[in-house]
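The next block holds one structure in the form of structure tokens; read it before the comments.
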Amino acid sequence: MKKRFFLPLLLSGLIGFSSCDSDNDGNGTGRMEVRMTDAPGDYDEVNVEIKSVQIHREDGDGEDGWITLDKIHPGVYNLLDFANGKDTLLASAELPVGHISQLRLVLGDNNSVKLKNGDVIDLKTPSGQTSGVKLKIDAHLEDDVTYMVLLDFDAARSVVPKGNGGYNLKPVIRTITQAIAGGIKGSVTPAEYKPGIYVISAENDTIGGFASDNGDFLIKGVPAGTYRVEFITEYGQHNKTIENVSVSQNQIKDLGVVMLPQE
């Protein structure tokens, strides 16, 4: 089985709270995650040092167009740790909406392969440390939608024997880009009730947030599915529940104006 290397821009967990920001009618932002996974080769370890992750918005690849993602987890990763559906988060960022043409991995010098006999041999990377490993992704970020770039790292094909006992690292990576979470937005009235908002799945996993002072709310990072949305007010006097709210993975579900019960 081939081991995959996921490089996602981060998706938050299903249980948690998010602040509500109603100022999303400008340029807007989308969330991008980079994860890595891998399929095992005939080695005990394949260790790769990742220093940074960059994206490029234009169709060309001039050096002035690359943007380094700020939330990066640099370090040495054993690709063979991420078999059988496992993955790890490398980088994440909130980015302006729009097109992203390429992704680049900048590698360090601390790369090695551990053979079945226990020998550890340095991996030479002809271009990874300097120009980086460039990958076409052609993704389009939509406002408030969470996307993942999955890098399917083929360890077996990426480690190339040189014939003199040495090995080169020539990364062979398949990229998969997909929207993985949408969200729910709307406004509550009267706004002064300031409800807590709970998005609850059939399994009772919960994402929560709060309305702003003017009643607007936006709950991001909601995976595709059907949810119950509860609006909980102080002392429970103005609570409201909306059943069967359907969320797709590539859009923000708009509940419009939610009228809370009044005394």
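The values are calculated or read from the model by the stated rules, or taken from the named source; none is laboratory data. Predicted model only: the values in this text are computed from it and were never measured. Virtual Cβ from ideal backbone geometry, glycine too; neighbours counted across all protein chains shown. When the accessible area is computed, the model is the full protein with side chains, heavy atoms only, and any ligands, DNA or RNA have been set aside. Shrake-Rupley method; radii C 1.70, N 1.55, O 1.52, S 1.80 Å.
Return yes or no: is residue 214 in contact with a helix residue (DSSP H, G or I) (Cβ under 6 Å, 6 or more places away or on another chain) and either of a type in the set (Lys, Arg) or open to solvent by 30 Å² or more (accessible area, probe 1.4 Å) (or both)? Show your work before the answer.
Details: in contact with a helix residue (DSSP H, G or I) (Cβ under 6 Å, 6 or more places away or on another chain): yes; either of a type in the set (Lys, Arg) or open to solvent by 30 Å² or more (accessible area, probe 1.4 Å) (or both): yes.
Considered against the rule, which asks whether it is in contact with a helix residue (DSSP H, G or I) (Cβ under 6 Å, 6 or more places away or on another chain) and either of a type in the set (Lys, Arg) or open to solvent by 30 Å² or more (accessible area, probe 1.4 Å) (or both), residue 214 comes out as yes.
Consider only pairs whose beta carbons are under 8 Å apart and that are at least six residues apart or on different chains; among these, list those whose first residue lies in the range 142-155 and is on the phi > 0 side of the Ramachandran plot and outside any strand (DSSP E or B) and whose second residue is of a type in the set (Gly, Ala, Ser) and open to solvent by less than 10 Å² (accessible area, probe 1.4 Å).
Within 8 Å, the pairs are 144/30; 144/182; 144/183.
Let's see how each residue does on (1) within 30 Å of residue 198 (Cβ to Cβ); (2) at pLDDT below 85; (3) in a helix (DSSP H, G or I); (4) out of contact with any strand residue (DSSP E or B) (no Cβ under 9 Å at 6 or more places or on another chain):
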position	(1), (2), (3), (4)
7	no, yes, no, no
13	yes, yes, no, no
32	yes, no, no, no
35	yes, no, no, no
47	no, no, no, no
60	no, yes, no, no
77	no, no, no, no
92	yes, no, no, no
99	no, no, no, no
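When the range 118-135 is examined, which residues are found to be modelled with pLDDT under 90 and exposed (fewer than 14 other Cβ atoms within 10 Å of the Cβ)?
If the condition is that a residue be modelled with pLDDT under 90 and exposed (fewer than 14 other Cβ atoms within 10 Å of the Cβ), then 126, 127, 130, 131 are the ones that fit.
Looking at the structure I just gave you, is residue 138 over 30 Å from residue 232 (Cα atoms), part of a strand (DSSP E or B) and without any contact (Cβ under 8 Å) to a residue 40 or more places away in the chain?
yes
Being exposed (fewer than 14 other Cβ atoms within 10 Å of the Cβ) and assigned to a loop (DSSP other than H, G, I, E, B) narrows it down to one of 243, 263, so name that one.
263
For the range 144-176, how many residues are among the polar types (S, T, N, Q) and surrounded by fewer than 20 Cβ atoms within 10 Å (Cβ to Cβ)?
Final tally of qualifying residues: 3.
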